[in-house]
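Only one structure is covered here, and it is reproduced in the block below.
The values are calculated or read from the model by the stated rules, or taken from the named source; none is laboratory data. Small disclaimer: the values here were computed from a predicted structure and weren't measured. Glycine gets a Cβ as well: all are built from the backbone with ideal geometry, and neighbour counts include every protein chain shown.
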Amino acid sequence: MSTTFLDTREANRRDLPALIELYQHLAEGDEQPSLDLAEEVFERFKAYEGSAIIVGQTAGVLAASCTLIVVPNLTRGGRPYGLIENVVTHSDFRNRGFGKQVLLQAVDLAWKADCYKAMLMTGSKKRETLDFYLGAGFEQSKTGFQMRRVAARHDD
């Protein structure tokens with residue numbers, strides 16, 4: 001596949017089946033929600049003002065996506081911050097700039113929502129993954145901690 005054009009937009013309910021499948025390229029074998037549950041979660045997600053699931057489509061396929069959550073905040077003059085999660089590119093479409101395109105659209109939406117920062121975390125230690133985020137303009141400047149109820153993916 002040599003397609004290089006990516007049409008980016010906010011996801012809608014009709015995207016959910018393809019989006020659920022795309023997430024298998026993020027965590028192969030991860031448990032998938034039923035479509036009914038996905039629709040319910042999507043409706044709850046839309047209640048977070050300024051938040052969006054960005055999708056990138058090419059050749060009729062959802063090729064890349066990421067999620068932006070705009071988090072209300074009482075510091076920084078009451079300005080919110082953006083949390084980016086679930087950054088994924090379909091394995092057939094990697095290394096074409098698609099992931100960077102959806103990621104930068106999420107950052108642009110964060111700025112439009114008056115966020116004072118946009119941040120993300122990765123559990124990956126792969127140099128190419130870290131270089132991807134650095135190349136998109138993110139800096140590796142904080143130390144992250146987490147407590148999990150579900151085991152983390154292992155990224156060898």
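Look through Pro17, Pro33 and report the one residue that is part of a loop (DSSP other than H, G, I, E, B) and over 16 Å from Leu109 (Cα atoms).
Details: Pro17 fails: part of a loop (DSSP other than H, G, I, E, B).
Of Pro17, Pro33, the one residue that is part of a loop (DSSP other than H, G, I, E, B) and over 16 Å from Leu109 (Cα atoms) is Pro33.
If you scan the range 105-151, which residues turn out to be among the hydroxyl-bearing types (Ser, Thr, Tyr), over 17 Å from the mean Cα position of the chain (by Cα) and surrounded by 10 or more Cβ atoms within 10 Å (Cβ to Cβ)?
Here is the first cut: in the range 105-151, the residues among the hydroxyl-bearing types (Ser, Thr, Tyr) are 116, 122, 124, 129, 133, 141, 143.
Then keep just the ones that are over 17 Å from the mean Cα position of the chain (by Cα); that gives 116, 141, 143.
Result: Tyr116, single match.
In the range 89-104, how many residues are aliphatic (A, V, I, L, M) and buried (at least 18 other Cβ atoms within 10 Å of the Cβ)?
Residues meeting the conditions: 2.
With respect to the numbered conditions (1) in contact with a strand residue (DSSP E or B) (Cβ under 6 Å, 6 or more places away or on another chain); (2) in a helix (DSSP H, G or I); (3) under 23 Å from His25 (Cβ atoms), which one is the sole condition not fulfilled by Ala110?
Result: Ala110 fails condition (3) only.
Identify the residue in the range 57-71 that is closer than 20 Å to Lys142 by Cβ and without any contact (Cβ under 8 Å) to a residue 40 or more places away in the chain and, among all such residues, is nearest to the chain's Cα centre (by Cα). Write out each step before concluding.
Step one: filter the range 57-71 for residues closer than 20 Å to Lys142 by Cβ, giving 66-71.
Now narrow it down to the ones that are without any contact (Cβ under 8 Å) to a residue 40 or more places away in the chain: 67, 69, 71.
On the way: Thr67: 4, Ile69: 9, Val71: 15 Å.
The extreme case among them is Thr67.
For the range 28-58, what are the residues that are surrounded by 14 or more Cβ atoms within 10 Å (Cβ to Cβ) and among the hydrophobic types (A, V, I, L, M, F, W, C)?
Once the filter is applied, which keeps residues that are surrounded by 14 or more Cβ atoms within 10 Å (Cβ to Cβ) and among the hydrophobic types (A, V, I, L, M, F, W, C), the range 28-58 yields Ala38, Phe42, Phe45, Ala52, Ile53, Ile54, Val55.
Could you say whether any residue in the range 118-134 is part of a loop (DSSP other than H, G, I, E, B), within 30 Å of Arg14 (Cα to Cα) and modelled with pLDDT of 95 or more?
Within the range 118-134 (the criterion being part of a loop (DSSP other than H, G, I, E, B), within 30 Å of Arg14 (Cα to Cα) and modelled with pLDDT of 95 or more), the answer is no, since none of the residues qualifies.
Please name all residue pairs, on different chains or six or more residues apart, with Cβ atoms under 6 Å, provided the first residue is in the range 115-126 and is closer than 15 Å to Leu104 by Cβ and the second residue is in a loop (DSSP other than H, G, I, E, B).
Cys115/Pro80
Collect the residues in the range 41-56 that are of a type outside the set (A, V, I, L, M, F, W, C) and in contact (Cβ under 8 Å) with a residue 12 or more places away in the chain, keeping them in residue-number order. So that I can check it myself, show each step before the final result.
In the first step, residues of the range 41-56 are kept if they are of a type outside the set (A, V, I, L, M, F, W, C); the result is 43-44, 46, 48-51, 56.
Hits for the range 41-56 are Tyr48, Glu49, Gly50, Ser51, Gly56.
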